[in-house]
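Report on the structure given below.
The values are calculated or read from the model by the stated rules, or taken from the named source; none is laboratory data. For clarity, every value in this text was computed on a predicted model and none was experimentally measured. Using ideal geometry, Cβ is built from the backbone for each residue, glycine included, and neighbour counts are taken over all protein chains shown.
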Amino acid sequence: MKVFKFGGASVKDAPAVKNVATIVQQHPGPLLIVVSAMGKTTNALEEVFQHAENRQDYEPALQQVENYHYQLTAQLFSDSQHPVFARLQSQFTAIREYLQNLPPNRSDEHYDQIVSQGEFLSSLILYYYLVQSGFSAEWLDCRDCICTDCSWREARVDWLTTEKNIQNKLAPLLEQQIVITQGFLGGTTENRTTTLGREGSDFSGAIFAYCLGAESLTIWKDVAGFLNADPKFFLNPHKYDEISYQETVEMAYYGASVIHPKTIKPLANRHIPLYVKSFLQPQEPGTVIKDSKHEKLVPAFIRKANQCLLSFGVRDFTFVSERNLSVIFHALAELRFKINLMQNSAISFSVCTDYDADRLQLLQEQLQEQFIFHYNAGLLLYTIKNYTEDSINHLTNGKEILLEQRTRSTFQLVCREK
Ligand SMILES: Nc1ncnc2c1ncn2[C@@H]1O[C@H](COP(=O)(O)OP(=O)(O)O)[C@@H](O)[C@H]1O
Ligand SMILES: N[C@@H](CC(=O)OP(=O)(O)O)C(=O)O
């Protein structure tokens, strides 16, 4: 039993969906397909929700999402009476009804109900297309399997219940046919939809693979495999043919965005290999991530954009103490800031984190009485894993560096985005 995860880029238009069917055709045998929203649909739905949250007209943004899905679907199904069109229509009717009836206080719970819709649309379109192409297939609502708490936007998985659900409801289905389900989503015991954190469909693939005891998980990407740098920002990156879970989890943690950082742990726990393969060249081997031992790898360059550097200074001539730090950490955790790098001196403490204007405002309000609080936005965080002096010189050349740090294996710097 294999699990394939197809991300937004692999289903971004009609030819891409046809390509997915070709890939599936080439892999006979029990298969679970976990699919993300098509193209940039999740961003577009976030925009719809933001308009609704600010009591602005969300209809033009929603109309764009609808047109995109209809146009793509019309290129896949020549029969305009095909049931897929009625399903799409009922999804959009439900979205509009939900938005019209939003209560005055719009919250993260409402965000999840809207932003989750992209995966329902994509999984329905892919399901109907595979059936039309002659596959024996079934559509599964992942909320019947992936059980989470109510931590909206980044729900936590109840692993015991999820494993039981997957064994009882999904495993028997997979004996008969291919099953298509949604990435990124879960459901609470009260039947509310949750999301697992942006770009969380890789993690969904790993949850299913873990609970099914799958032979492997393959994530299909627009790159040749797991590379030592993002080809959008670095020339001629090197592809790893094989790499350990340990190295991968560290690189994903530092920001190698090709794999969601939560993906690795469940797979490593059950020794399930993860393949990163190109949907553009599916016959190529890509990268395999597993329990492997290797010599020191070539340096990996990881770039994290939209960073800010927060600094907390003490108000008197005392030093930054453990007690001060615990107040700062508590506030950061409450507001769900992820610390990407930190450094302290006698009288100040600095943290590099993802920039979010609203949450920064709340942090400032909470801490400004106790600390002198400053921040710099518009920054980049670079990490070199397995660095060499040459790689550091290459990276730092010409950059205005605000902070740098190194351990025996990892070099990090924060600099201005030019
Ligand atoms: N180390 C890396 N190796 C390969 N691709 C990377 C790496 N770091 C960042 N990327 C970027 O990740 C992208 C693919 O991941 P992602 O956009 O999440 O795909 P999808 O949303 O389709 O699942 C690539 O297009 C590439 O720009
Ligand atoms: N669609 C969601 C989940 C996801 O993982 O998407 P992708 O596989 O395209 O990164 C998002 O954009 O956050």
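Filtering the stretch 17-31 for residues that are farther than 22 Å from residue 95 by Cβ, of a type outside the set (Val, Ile, Thr) and within 16 Å of ligand 1 (Cβ to nearest atom) leaves a non-empty set. Of the residues making up the stretch 57-81, those that are of a type outside the set (A, V, I, L, M) and in contact (Cβ under 8 Å) with a residue 12 or more places away in the chain are 58, 64, 66, 68, 69, 70, 73, 75, 77.
Inside the stretch 32-59, residues that are crowded, with 21+ Cβ neighbours inside 10 Å, within 12 Å of ligand 1 (Cβ to nearest atom) and under 15 Å from residue 114 (Cβ atoms) make up a count of 3. Considering the stretch 204-244, and only residues there that are surrounded by fewer than 21 Cβ atoms within 10 Å (Cβ to Cβ) and within 17 Å of residue 266 (Cβ to Cβ), the residue that is nearest to ligand 2 (Cβ to nearest atom) turns out to be 216. The set of residues from the stretch 273-286 being surrounded by fewer than 21 Cβ atoms within 10 Å (Cβ to Cβ) and either among the aliphatic types (A, V, I, L, M) or under 23 Å from residue 391 (Cβ atoms) (or both) comprises just one member, 280.
With the condition kept exactly as written, say whether any residue in the stretch 81-89 is surrounded by 13 or more Cβ atoms within 10 Å (Cβ to Cβ), closer than 21 Å to residue 114 by Cα and within 15 Å of ligand 2 (Cβ to nearest atom). There is no residue in the stretch 81-89 that is surrounded by 13 or more Cβ atoms within 10 Å (Cβ to Cβ), closer than 21 Å to residue 114 by Cα and within 15 Å of ligand 2 (Cβ to nearest atom). For the stretch 30-80, residues that are more than 16 Å from ligand 2 (Cβ to nearest atom) and among the β-branched types (Val, Ile, Thr) total 1.
Residues in the stretch 270-288 that are under 17 Å from residue 19 (Cα atoms) and either among the polar types (S, T, N, Q) or not assigned by TED's automatic domain parsing to the domain that holds residue 241 (or both): 278, 281, 283. Within the option set 122, 133, being assigned by TED's automatic domain parsing to the domain that holds residue 175, in contact with a Lys or Arg (Cβ under 9 Å, 6 or more places away or on another chain) and of a type in the set (Gly, Ala, Ser) holds for one residue only, 133.
Just one of the numbered conditions (1) of a type in the set (Ser, Thr, Tyr); (2) more than 22 Å from residue 338 (Cα to Cα); (3) within 16 Å of ligand 2 (Cβ to nearest atom) is not true of residue 257: (2). Contact annotation: residue pairs with Cβ atoms under 6 Å, 6 or more positions apart or on different chains, pairing a residue in the stretch 287-308 that is outside any strand (DSSP E or B) with a partner that is of a type in the set (D, E, K, R) and surrounded by 14 or more Cβ atoms within 10 Å (Cβ to Cβ), are 292/242.
When residue 318 is tested against the conditions (1) among the β-branched types (Val, Ile, Thr); (2) without any contact (Cβ under 8 Å) to a residue 40 or more places away in the chain; (3) touching a Pro at 6+ places or on another chain (Cβ under 7 Å), the lone failure is (3). A residue that is more than 16 Å from ligand 2 (Cβ to nearest atom) and either free of Cβ contacts under 8 Å to residues at least 40 places away in the same chain or within 22 Å of residue 206 (Cα to Cα) (or both) occurs somewhere in the stretch 13-20. How many residues does the stretch 117-147 hold that are within 12 Å of residue 184 (Cβ to Cβ) and touching a helix residue (DSSP H, G or I) at 6+ places or on another chain (Cβ under 8 Å)? Final tally of qualifying residues: 7.
Identification of strands (runs of 3 or more DSSP E) wholly contained in the stretch 346-418 with 1 or more residues that are surrounded by fewer than 17 Cβ atoms within 10 Å (Cβ to Cβ) and hydrophobic (A, V, I, L, M, F, W, C) yields 371-385, 401-406. Here the condition is being more than 16 Å from ligand 2 (Cβ to nearest atom), more than 25 Å from residue 114 (Cβ to Cβ), in contact with a strand residue (DSSP E or B) (Cβ under 8 Å, 6 or more places away or on another chain) and of a type outside the set (Val, Ile, Thr); of 176, 167, it holds for 176 alone. Assessment of the stretch 226-248 against the conditions (more than 17 Å from residue 382 (Cα to Cα), within 14 Å of ligand 1 (Cβ to nearest atom), at pLDDT 95 or above and in contact with an Asp or Glu (Cβ under 6 Å, 6 or more places away or on another chain)) yields no matching residue.
Screening residue 262 against (1) among the charged types (D, E, K, R); (2) touching a Phe, Trp or Tyr at 6+ places or on another chain (Cβ under 7 Å); (3) without any contact (Cβ under 8 Å) to a residue 60 or more places away in the chain leaves a single unmet condition, (3). Working only within the stretch 252-267, note down all residues that are small (Gly, Ala, Ser) and in a helix (DSSP H, G or I). Listed by number, the list holds a single entry, 252. Just one of the numbered conditions (1) touching a Pro at 6+ places or on another chain (Cβ under 9 Å); (2) closer than 26 Å to residue 256 by Cα; (3) aliphatic (A, V, I, L, M) is not true of residue 185: (1).
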